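What follows is a set of notes on a single structure, which appears directly below.
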Amino acid sequence: MALIRYNSDPKIGMLSALLTFSILLLLTEKAETKPLDLLSLVTGVVPKIVDGVYDEGDIDLFGKPCQYKRIPYIKRLELHYRAEIRCLGWTPIVGEARDHRNPTHAEQAAIKDFVRQAMAQALVTEEQAKPWLTD
């Protein structure tokens, strides 16, 4: 069986590494690069992100047309949500929820807040409110 012997001379090892590196440089193509345009990145990406997390729409509470709004905000470098529920043609009550890290939980908490206030003002009975207050 033949033994493979390596040259342990540091000069030859250095020369071999330099030659390998030079060949790799010659074989690779130079990539064309453009400077990073941060403004176009921000104006292109941020609106899409905000559209995905900001939401508003209509909901039916107790047979009354209501509107909800979910708004994202940054708190301690984390994305949080607040939500509001209003039924303008029925009552001036505003159901609110803040400091939620889940957008759905923020909306549910705002609905529960609205329903509790409506019960306190005797606009709905406890029986009517029960489905909205259970998890």
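The values are calculated or read from the model by the stated rules, or taken from the named source; none is laboratory data. Just so we're clear, the structure is a prediction, and the values are computed from it rather than from any experiment. Cβ placement follows ideal geometry from the backbone for every residue including glycine, while neighbour counts extend to all protein chains displayed.
Give me a count of the residues in segment 71-96 that are in contact with a strand residue (DSSP E or B) (Cβ under 9 Å, 6 or more places away or on another chain), farther than 15 Å from TYR54 by Cβ and not acidic (Asp, Glu). Quick ask: steps written out before the conclusion?
Restricting attention to segment 71-96, the residues satisfying the condition of being in contact with a strand residue (DSSP E or B) (Cβ under 9 Å, 6 or more places away or on another chain) are 71-75, 79-96.
Filter once more, keeping what is farther than 15 Å from TYR54 by Cβ: 75, 85-96.
Imposing the further condition that a residue be not acidic (Asp, Glu) reduces the set to 75, 85-95.
The qualifying residues number 12.
Determine, yes or no, whether GLU78 is more than 37 Å from the chain's Cα centre (by Cα), loosely packed, with under 10 Cβ neighbours inside 10 Å and either acidic (Asp, Glu) or modelled with pLDDT of 90 or more (or both). Spell out the reasoning first.
On the way: more than 37 Å from the chain's Cα centre (by Cα): no; loosely packed, with under 10 Cβ neighbours inside 10 Å: yes; either acidic (Asp, Glu) or modelled with pLDDT of 90 or more (or both): yes.
Taking the combined requirement at face value, the residue does not satisfy it.
Under 7 Å between Cβ atoms, at least 6 apart or on separate chains: pull out the pairs that start in segment 105-122 with a residue that is under 22 Å from HIS80 (Cβ atoms) and end on any residue that is of a type in the set (Val, Ile, Thr) and crowded, with 23+ Cβ neighbours inside 10 Å.
ALA110/ILE85; ILE111/ILE85; PHE114/ILE85
Which numbered condition in (1) outside any loop (DSSP other than H, G, I, E, B); (2) under 12 Å from LEU61 (Cα atoms) is the only one that VAL124 fails?
(1)
Would you confirm whether any residue within segment 43-65 is at pLDDT 75 or above and of a type in the set (Gly, Ala, Ser)?
Step one: filter segment 43-65 for residues at pLDDT 75 or above, giving 54-65.
Filter again for of a type in the set (Gly, Ala, Ser), leaving 57, 63.
Yes, there is a match, as at least one residue in segment 43-65 is at pLDDT 75 or above and of a type in the set (Gly, Ala, Ser).
Which numbered condition in (1) surrounded by fewer than 16 Cβ atoms within 10 Å (Cβ to Cβ); (2) at pLDDT 90 or above is the only one that ILE93 fails?
For ILE93, the failing item is (1).
Inspect all residues belonging to segment 32-46 and state whether any of them is among the β-branched types (Val, Ile, Thr), surrounded by 12 or more Cβ atoms within 10 Å (Cβ to Cβ) and not in a loop (DSSP other than H, G, I, E, B). Step through it out loud before you land on a result.
From segment 32-46, those among the β-branched types (Val, Ile, Thr) are 33, 42-43, 45-46; that's our starting set.
From what is left, the residues that are surrounded by 12 or more Cβ atoms within 10 Å (Cβ to Cβ) are none.
No - not one qualifying residue is present in segment 32-46.
Of all residues in segment 59-109, which are aliphatic (A, V, I, L, M) and assigned to a strand (DSSP E or B)?
Filtering segment 59-109 down to residues aliphatic (A, V, I, L, M) leaves 59, 61, 71, 74, 77, 79, 83, 85, 88, 93-94, 97, 106, 109.
Scanning segment 59-109 gives ILE59, LEU61, ILE71, ILE74, LEU79, ALA83, ILE85, ILE93, VAL94, ALA97.
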